[in-house]
Structure formats: structure tokens, C-alpha cells
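Quick notes on the structure that follows.
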Amino acid sequence: MADPIIAQIDALVGPASPHFAYQLRARVRELIENLPEGHPARRYGEEKMELLDRLGHASSRAEEGGRESRSRPGWEELPSSAPAYDPLPPRR
């Protein structure tokens, strides 16, 4: 039987975008905070929270393809070239 908490995490994270990554991360944290350390849903939620943290520093969730080249025509109009798998570094 599938874990209902994992299903809830998938429902939250599945449609995530950079704009809502941190709000969704907070909801995932609330779902798993009372689970024991070794619980599979807790580990899964922590992995998804890391993804959401990276997504919060990205401009796209794109999981395929590379970054756009800065020499691309129209680069100045692109808001960013940082996908979730290679986000911008956090500001310090």
C-alpha cells in the first residue's frame, strides 16, 4: 500500500514552480516534521525539500537541456538561465 504522506508530497511538489518553491517547501516540512528520523516518507520529503530549495534559486524547473548561451539572440530579454538542476547560487 502506498504511503499517503508520500502521495501528498508528490501532489505538492509535482506542479512546483520557482515562484512558489518556498511556500511548498514549508508545506512539505509540516507534513513530515512529526515523523521519526528513519521513516521513508520523511526521507522522501527531505529530498523533495532540497529540490524545492534549488528550484527557489532557479528560473525554470526544466529537467532536460542545458543553460541558454549568453550569445543567443534575445538574451537580454530572458529573465534568467538557471534551471532547477543547476540554480543560481544563493545570495550571501
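The values are calculated or read from the model by the stated rules, or taken from the named source; none is laboratory data. Everything numeric in this text was worked out from a predicted model, so none of it was measured. Quick note on the areas: whole protein, heavy atoms, side chains included, nothing else; ligands and nucleic acids left out. Shrake-Rupley method; radii C 1.70, N 1.55, O 1.52, S 1.80 Å.
Overview of results
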{"item": "The range 39-92, residues that are aliphatic (A, V, I, L, M), modelled with pLDDT of 65 or more and either outside any loop (DSSP other than H, G, I, E, B) or open to solvent by 50 Å² or more (accessible area, probe 1.4 Å) (or both)", "result": "Ala41, Met49, Leu51, Leu52, Leu55, Leu88"}
{"item": "Residue list for the range 1-32, filter: in a helix (DSSP H, G or I), over 14 Å from Tyr44 (Cα atoms) and open to solvent by less than 90 Å² (accessible area, probe 1.4 Å)", "result": "Pro18, Ala21, Leu24, Ala26"}
